[in-house]
Amino acid sequence: MLHRSTIQLLRFPFSYFLMPVFWFTVSFVYDINWQRTLFAFLLIHILLYPSSNGYNSFMDRDTESIGGLEKPMQPTKQLFYTTVIMDVAGLLLSFFISWQFAAGFAFYILCSRMYSYRGIRLKRFAIAGYLIVILNQGALIFAMVYHAASKNLSISIPLPGMIAAAFLIGGFYPITQIYQHKADAEDDVKTISMIMGKKGTFIFCTVMYAIAFSILFLYYKEENRLINFLILQIFFIAVIIYFIKWMLQVWKNESMADFKHTMLMNMLASTCTNFAFITLILLQQIG
């Protein structure tokens, strides 16, 4: 039987926050193989992301709030063995999609371990840690999903999509760190959010999202699908309103950059973004 702490620290619900990249990618695919798309979804969101979360929790042994968990339990050795089993299972199953997908899966695991492992621990370094997250959770996942979802297992990955995915994660990730400055400092971890400061984190994330949406505007314009860009803006109205309101609150009182507000921001942004890209997929299939 799995311990309660093991199940909790795998943080399956946190995969929801990373799900927009998946639907974003599928919205780029014209001829979709739905069976492989579903299989890739399960491999990434049920095995890859939770295993990475679990390994990170095993190494960090957090005593304060972390992404998706207000009161994390302490890990046991079972959590480590569970992540290994999930990695091996996921990697072997990935070959049923293709060896290229499996190679991407293995590379993500390797980067995730280098990010968390105490002997290397790239998360100690703000820039290196930031880059490894956005390139893997953004660009690499985009490439893997696009490859798996396309009927001909295409390896011609749209570069604007990969870059935009990286910047979308680049705008999301620092916000998840904004309430952890004290805990990260005590663990000798320096994050991009710590460098920017709480106020600066909002500005930085705004710039990253602005770049991502500028890339998407140019892409949709080139594809004569500016209506897609308009649909995205409609779905993002609620996110923008909450983001600005929260930012102004933090400007007045930095203690407002706490776990509760961060999770509300993550939930709202993920939900709106997921529905936005799913809508684009449905419209594309209908059309």
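The values are calculated or read from the model by the stated rules, or taken from the named source; none is laboratory data. No experiment lies behind these values; they were computed from the predicted model shown. Note that we place each Cβ from the backbone using ideal geometry, even for glycine, and neighbour counts take in every protein chain shown. Surface accessibility is based on the protein's heavy atoms, side chains included, excluding ligands, DNA and RNA. Shrake-Rupley method; radii C 1.70, N 1.55, O 1.52, S 1.80 Å.
Apolar share of the accessible surface for the chain: 70 percent from carbon plus sulfur atoms, 1.4 Å probe.
Stretched out straight at 0.36 nm per residue, the stretch from residue 245 to residue 7 would grow longer than its current Cα-Cα span by 82.2 nm. Converting phi to 3J(HN,Hα) with the Karplus coefficients 6.51, -1.76 and 1.60 and the offset θ = phi - 60°, the stretch 44-55 yields 6, 8, 9, 10, 5, 5, x, 4, 4, 4, x, 5 Hz in sequence order, with x at every glycine or proline. Note that the stretch 174-229 presents 49 Å² accessible area per residue, ligands and nucleic acids not counted, probe 1.4 Å. What you get for the stretch 187-274, charging only the Cβ of Lys and Arg (+1) and of Asp and Glu (-1), is a dipole of about 260 debye around the Cα centre.
Treating the Cα atoms of the stretch 62-117 as identical point scatterers in vacuum, please give the log10 of the normalised Debye intensity I(q)/I(0) at q = 0.18, 0.24, 0.30, 0.31 Å⁻¹, two decimals. These q points yield log10 I(q)/I(0) values of -0.75, -0.98, -1.13, -1.14.
Its Cα centre serving as origin, the chain has a Cβ charge dipole (Lys and Arg +1, Asp and Glu -1) of approximately 220 debye. Average accessible surface for the stretch 68-118: 54 Å² per residue, computed with a 1.4 Å probe over protein heavy atoms with every protein chain in place. From largest to smallest, the equivalent ellipsoid semi-axes obtained for the chain from the alpha-carbon gyration tensor read 29, 26, 16 Å. At full extension, residue 264 and residue 100 could sit 55.4 nm farther apart than now, given 0.36 nm per residue minus the alpha carbon distance.
Of interest is the spacing of the C-alpha centroids, which for the stretch 147-212 and the stretch 65-105 amounts to 21 Å. Projecting label points 7 angstrom from Cα along Cα→Cβ for residue 218 and residue 30 puts them 2.2 nm apart.
Need one word for the stretch 1-109: rounded, prolate or oblate. Basis is the Cα gyration tensor (sqrt eigenvalues a ≥ b ≥ c); a/c below 1.5 gives rounded, then a/b vs b/c decides. The shape class here is prolate. Under 5 Å from the amide H of residue 150 lie the amide H atoms of 33, each residue being 5 or more positions distant or on a separate chain, with H modelled from the backbone and absent for Pro and chain starts. Going by the alpha-carbon gyration tensor, a ≥ b ≥ c the square roots of its eigenvalues, is the stretch 72-148 rounded (a/c under 1.5) or, if a/c is not under 1.5, prolate (a/b greater than b/c) versus oblate? The shape class here is oblate.
Stretching residue 237 away from residue 93 to a fully extended chain increases their span by 47.9 nm, per 0.36 nm per residue minus the current alpha-carbon distance.
Taking square-rooted eigenvalues a ≥ b ≥ c of the alpha carbon gyration tensor, is the stretch 185-287 rounded, prolate or oblate, where a/c under 1.5 means rounded and, failing that, a/b exceeding b/c means prolate? Please report the intermediate quantities before stating the final value.
On the way: a/c = 2.46, a/b = 2.06, b/c = 1.19.
Prolate, since a/c reaches 1.5 and a/b exceeds b/c.
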